[in-house]
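Written below as structure tokens is the structure these notes are about.
Each value in this text was obtained by applying a stated rule to the coordinates, not by laboratory testing. What you are looking at is a predicted structure, and each value in this text was computed from that prediction instead of being measured. So basically every Cβ, Gly included, is an ideal-geometry build from the backbone, and we count neighbours across all protein chains shown.
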Amino acid sequence: MKRDYSDADIEALVAEAIAAEASTARREAHPPSSAIVWWRAQMRARAEATKAVERPLTIVHGLALAASLGLLLGIVGTAIGGLKGTIAWFAGAYASLAANGTSAAAIDFTSRWFMLPMTAMLVSVVVLSIAALVIFADE
Amino acid sequence: MADVTFLDVRRLSADDADTADVALAMDEDAFRGFYDRTSGALWGYLSRISGDRQVADDLLQESYYRLLKSTVAFESENHRRNYLYRIATNLVRDTKRTARPVFDTAVEMDDVAARDTHGNTEARQDVRRALGKLKPRERAMLWLAYANGSSHAEIADVLGLKTGSIKLLLFRARRKMAAALQR
């Protein structure tokens, strides 16, 4: 039959058992030396510091790439739209000239589908001329 | 002066991180002294709370590393030691949640007993079996109270509980442990 223990008895029993177990555990413990643990901590902290330095650059790279891609898609979209409009304008102008013998004065040269490519070509010619001037002036 | 490119800046930053002394919460001498004074007891705590020596080995170094990386301003060695035990307790809890689904079974505590190289007495096995029947939090509480001699406030701090609840929780844990020892 089990004995009825008082709270004090129980506390003494448990305290003694845990203390004995703690004493055994201390004998069993073979932790690595403090020098090794310190060295490993240093190495790990350095590796983490290096990673932390590289992380913002990766984020910046990603953002720059996404922005460039967006810009490129925008330019391509605009260029395709402009090209279609320009082709349609030239096709219309040619058809009206060929079919009715309309004079060139009747064609709308103020249309943006004509003005835009012409302006782009003019700007390209100016920029290329300046670039050529700079390059050949150096030589 | 040579132009510095973006890649050069990146390389130099990485080199700095390699060579510079990394910021840890303690200097080497202070850490080594503290480690030598506390590591044996912490290993005992980890091995008995987790019921697994391998886990204790793994978590011991992780506990000290997290202590070194902490930004807490410690008022005393006791404060630092309690914080270390808090880290260790949380690590054991996390390990239980993730890697080891059957963590607090009597089987694992028996496994610890089976590898006891310092006299495999029946009494010692009984104590371990009894510990194995407790929940990890109850084991931790009893260990902190009777192996470390921690106060109720310190136990509450380590286990993240209210100080006022410790007396009752300890009472229940003692009863459970005593009942397991008597079986």
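Once you've got the Cα coordinates, tell me which of A:51/B:69; B:133/B:162; B:69/B:135; B:133/B:176; B:69/B:162 are over 19 Å apart. Don't skip to the end; give the middle numbers.
Numbers: A:51/B:69 16 Å; B:133/B:162 24 Å; B:69/B:135 30 Å; B:133/B:176 8 Å; B:69/B:162 26 Å.
Beyond 19 Å between Cα atoms: B:133/B:162; B:69/B:135; B:69/B:162.
Between the range B:25-41 and the range B:129-156, what is the separation of their alpha carbon centroids in Å?
23
Please work out the C-alpha center-to-center distance from the range B:51-94 to the range A:50-86 and express it in whole Å.
46
On a full-extension model of 0.36 nm per residue, what is the gain between residue A:122 and residue A:109, subtracting their alpha-carbon distance, rounded to one decimal in nm? Intermediate results must be reported in sequence, preceding the final value.
Numbers: separation 13, 0.36 × 13 = 4.68 nm, distance 1.54 nm.
Stretched fully, the residue A:122-residue A:109 segment lengthens by 3.1 nm.
Which FRET efficiency value, to the nearest 0.05, do you get for residue A:48 and residue B:78 by plugging their Cβ-Cβ distance into 1/(1 + (r/R0)^6) with R0 = 30 Å?
Working: r = 29 Å, r/R0 = 0.96.
Between residue A:48 and residue B:78 the formula returns 0.55.
Ordered by packing density, taken as the mean number of other Cβ atoms within 10 Å over each peptide's residues, highest first, how do B:86-96, A:10-20, A:64-74 rank?
Details: B:86-96: 19.4, A:10-20: 17.6, A:64-74: 10.0.
Listed from highest to lowest mean packing, they are B:86-96, A:10-20, A:64-74.
Which value in deg cm²/dmol, rounded to the nearest 500, describes the helix-derived mean residue ellipticity at 222 nm for chain A, given -39,500 (n - 2.57) per DSSP H run of n ≥ 4 and division by the residue count? Don't skip to the answer; put the middle values down first.
Working: 3 runs with 116 residues, N = 139.
It lands at -31000 deg cm²/dmol.
Classify chain A as rounded, prolate or oblate, taking a ≥ b ≥ c as the square roots of the eigenvalues of its Cα gyration tensor: rounded when a/c is under 1.5, otherwise prolate if a/b is larger than b/c and oblate if not.
Numbers: a/c = 9.87, a/b = 3.25, b/c = 3.04.
Since a/c reaches 1.5 and a/b is larger than b/c, the shape of chain A is classed as prolate.
Extending each Cα 7 Å along its Cβ direction at residue B:165 and residue B:62, get the distance between those two points in nm, one decimal.
Simple spin-label model gives 2.5 nm for this pair.
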